[in-house]
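Quick notes on the structure that follows.
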Amino acid sequence: MANTDVQVTVIGGGAVGRATAWQLAKEGIKVRVVDSGEPRFGTSMANAGWVAPSHIIPFAAPGMVSMGVKELVKRSGAFGVSPAAGPSLASWTLKFMRACTMEHVDRNAPALNELLQRSMGLFDDLIVNHGLRRTEKALYYIFSSDRAEELAHEEHDLFTDHGVATKLVDVESARSDLPILKDSVKAVLELTTDYGIDPRRFVNLLGELNTGSGVEYRTGETVKNVVHRADLVHVTTDKDSWTSDYVVLAAGTWSGEIAKMVGSSLSIIAAKGHSVTLPNMTNMPDRPMMLAEQRLATNPEANGYRMSTGFALTSNNDRSINHKAIDKLYATASQVLHLPERAANIEPWTGLRPASPDGLPYIGPLANAPRVITATGHGMIGNMLALGTGAVVADMVQERPISGEMLKFSPSRPSA
Ligand SMILES: Cc1cc2nc3c(=O)[nH]c(=O)nc-3n(C[C@H](O)[C@H](O)[C@H](O)COP(=O)(O)OP(=O)(O)OC[C@H]3O[C@@H](n4cnc5c(N)ncnc54)[C@H](O)[C@@H]3O)c2cc1C
């Protein structure tokens, strides 16, 4: 390593940045994490909290384009495009449409599976050795439309074909276990390996582990420039400047603007979602659930029962809470769940997913700035992939061999 101020600067202190800092610090590497704080900070904190190794199918998959168009026409709130999305929307959408093929799924599902499995091993370590709590019970997919049984069987077969453990559950016994379920529920599928965590506890725990491992954490400081040299990287913030051997780019949906500073481009768009958290629920389920036709994710968390939905392409600055979207979320969930009267004390929240057009994360060095390693673009699955991503980045920094599957996440891949 060169004679620099810190060995690795991690830009971004969300789940991915913190998990990466932890993996690096465990190996004795001197790490500085810099995060701009509010209003950018927070997407990793109040999401649906699923840890779902079943998620091996990239978001860009056959059927997603027609699903997106249908949801737009129905104005269901599950999918949307905001006028704020800006000029990058057109090229992102084109790349997304091109990636929605079975070939893309077959090629990349093994890579996502490997990254998920690596994350799962590290989640086990956090649960067993560091006190992270998980739901004891596995994720349920809940079906309630006229085609419920058919859809549940289709999902079951699809998951089974990809080696994911699922089982169809008797609806009556699901209802007696979970009094929150209404009579409208017609089919239930268990995703046996998937569970829920509290994302805020996860991110805070990573922060504590980092502090204990000597990571320097700077918040309220925004990176303004990055200059790449052959043997080091200069980082300038609004408060300071320093040199590093490597920079890890984990700035969520803002990562594109930092890539630009070193003359690279990363296709990332902000995909906004909303959640509400209902405190003091007497009938809170003890497992996460997906309301399949409503496209709504739920999870019992420390502060209450969280329900999340929505994937609206928008700008990086759009953290505003859309109260109509919150009303719709509540009404949609009520089709399937016995919820208390809509109370004033529900906690509404919004977050911006860093979405790549092909549904895969960017993990690897930038082609024209190889000392800048990307760890971003995780879209809907950033918390569950954070630990595995950090481990792969640590392999890269330590110049250990990288598997062929992990090389598929290179930011220079053709589909991105
Ligand atoms: C409604 C909803 C539900 C979700 N449910 C799940 C789920 O169940 N499971 C799951 O795995 N994922 C889920 N996700 C996705 C997950 O939240 C994201 O993929 C993940 O949070 C991305 O983490 P990140 O660290 O890459 O980005 P972020 O958490 O956005 O962190 C990036 C950080 O970079 C900082 N930053 C930006 N620019 C700069 C700069 N110039 N200088 C310094 N710092 C900077 C920001 O302050 C920010 O803190 C959900 C998302 C939403 C919105």
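Quickly work out the Asn129-to-Gln117 label distance, labels modelled 7 Å from Cα along the C-beta direction, and quote it in nm with one decimal. Once both label points are built, they end up 2.1 nm from each other.
Taking 7 Å steps out from each Cα toward its Cβ at His162 and Asp231 produces label points 4.6 nm apart.
Under 19 Å from a point 7 Å along the Cα-to-Cβ line of Glu405: which residues of the stretch 3-43 have their amide N that close? What the label zone holds, given the 19 Å backbone N cut-off, is no residue at all. Mean residue ellipticity at 222 nm, helices only, the chain: -10500 deg cm²/dmol; runs of at least 4 DSSP H residues each add -39,500 (n - 2.57), and the sum is divided by the number of residues.
Estimate the FRET efficiency between Glu103 and Glu150 by the formula 1/(1 + (r/R0)^6), using the beta-carbon distance for r and 22 Å for R0, to the nearest 0.05. Numbers along the way, then the final one.
Working: r = 26 Å, r/R0 = 1.20.
Approximately 0.25, to the nearest 0.05.
With axes computed from alpha carbons, what is the tilt in degrees of helix 323-334 against the longest principal axis of the chain, rounded to the nearest 10 within 0 to 90? The angle comes out near 50 degrees. For the pair Ser176 and Asp327, a Förster radius of 25 Å applied to the C-beta separation gives a FRET efficiency near 0.20, rounded to the nearest 0.05. Note on Ala90 and Asn368: with the Förster distance fixed at 35 Å, the Cβ-Cβ geometry gives a FRET efficiency of about 0.90. Compute the acute angle (0 to 90°) between the alpha-carbon long axis of helix 64-74 and the principal axis of greatest extent of the alpha-carbon atoms of the chain; round to the nearest 10°. On a 0 to 90 degree scale, this one is about 60.
For Arg218, project a label point 7 Å along Cα to C-beta. Then give me every residue of the stretch 239-280 with its amide nitrogen under 17 Å of that point. Of the residues in the stretch 239-280, 239-251, 258 have backbone N under 17 Å from the label point off Arg218.
Read the figures in this text as sums done on the coordinates, not as results from a lab. Predicted, not measured: the structure shown is a model, and the values here were computed from it. Neighbour counts run over all protein chains shown; Cβ positions are idealised from the backbone, glycine included.
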